[in-house]
Amino acid sequence: MAPASSTHVDETSLGGKLLIATPAIGDPRFDRSVILICDHTPEGAMGIIINKPADGLQLPELFEQLEVEGSLPVPDRAVLAGGPVDKDRGFVLHTRDYARDETTLPVTDRIGLTATKDILEAMISASPPQRSLLALGYSGWGAGQLEDELVANAWLVCDMDEHLVFDTDATDKWPRALELLGISPQHLSALSGHA
């Protein structure tokens with residue numbers, strides 16, 4: 001097979017898109033997951049699950065454990081389980097009103113990903129990012145792995161919706177993401193097993 005041209009790679013990159021797990025996913029860690037793809041190249045992909053709260057862990061508890069202090073109180077929101085890779089490391093998805101050239105990965109023109117302590121300090125500073133969510137761990141794929149999963153119908157792909165990412169309750173994100181594609185969760189479940 002001929003190598004893809006750089007134009008072809010850009011057109012097929014899923015960076016900034018949402019992956020929605022289907023019943024064909026076959027991996028309980030990703031059952032009903034919604035993942036924001038943060039980076040996708042021929043070498044692989046990485047993303048953050050945006051709808052799975054970490055077991056009983058809230059931001060104030062985590063900030064206290066990490067001894068992060070600021071001028072504002074820590075929002076009482078759930079920490080998310082971003083995926084099975086590097087589960088002890090924090091990753092913050094945030095609006096790009098906060099960005100550090102050397103540490104922030106641009107995901108879209110409006111959203112960035114930062115995994116350093118300075119974003120935690122910014123979240124409780126006088127000028128925090130307008131929207132943010134913190135996840136422990138990330139989801140990763142090696143070269144060609146995500147593409148194979150897409151061919152196997154394990155994921156649906158849709159455009160990123162900022163309201164869904166930041167404002168929707170975690171338990172509602174999977175059905176709402178399906179609704180963005182005009183699919184009802186009941187219809188998708190009924191289709192499982194019919195390739």
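The values are calculated or read from the model by the stated rules, or taken from the named source; none is laboratory data. Since the structure is predicted, the reported quantities are computational estimates derived from the model, not experimental observations. For neighbour counting, all protein chains shown are included, and Cβ atoms are generated from backbone atoms with ideal geometry for every residue, glycine included. Accessible surface areas use protein heavy atoms only, side chains included; no ligands, DNA or RNA. Shrake-Rupley method; radii C 1.70, N 1.55, O 1.52, S 1.80 Å.
Consider region 47-94 and keep the residues that are open to solvent by 30 Å² or more (accessible area, probe 1.4 Å), under 14 Å from the mean Cα position of the chain (by Cα) and among the aliphatic types (A, V, I, L, M). The one that is nearest to ILE124 (Cα to Cα) is ALA81.
How many residues are under 18 Å from ARG29 (Cβ atoms), open to solvent by 40 Å² or more (accessible area, probe 1.4 Å) and either modelled with pLDDT of 95 or more or in a strand (DSSP E or B) (or both) when one looks only at region 150-161? So the answer is 1.
Each row is one residue, and each column tells you yes or no for (1) in contact with a strand residue (DSSP E or B) (Cβ under 8 Å, 6 or more places away or on another chain); (2) at pLDDT below 95; (3) surrounded by fewer than 13 Cβ atoms within 10 Å (Cβ to Cβ); (4) among the aromatic types (Phe, Trp, Tyr).
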residue	(1), (2), (3), (4)
SER127	no, yes, yes, no
LEU134	yes, no, no, no
GLY140	yes, no, no, no
GLU147	no, yes, no, no
LEU180	yes, yes, no, no
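Of the residues making up region 30-69, those that are of a type in the set (A, V, I, L, M, F, W, C), in a strand (DSSP E or B) and at pLDDT 95 or above number 9.
Checked against (1) under 23 Å from LEU93 (Cα atoms); (2) touching a residue at least 40 places away in the same chain (Cβ under 8 Å), ALA152 passes all but condition (1).
Just to be sure before I move on: is ALA99 over 18 Å from the mean Cα position of the chain (by Cα) and surrounded by fewer than 22 Cβ atoms within 10 Å (Cβ to Cβ) in the structure I sent?
No, not satisfied.
When region 162-173 is filtered for residues that are open to solvent by 50 Å² or more (accessible area, probe 1.4 Å) and not charged (D, E, K, R), the ones remaining, listed by number, are HIS163, THR171. Can you spot a residue in region 140-162 that is farther than 27 Å from THR22 by Cβ and polar (S, T, N, Q)? No, region 140-162 has no match at all. Within region 121-149, restricting attention to residues that are of a type in the set (S, T, N, Q) and in a strand (DSSP E or B), the residue that is nearest to ARG77 (Cα to Cα) is SER132.
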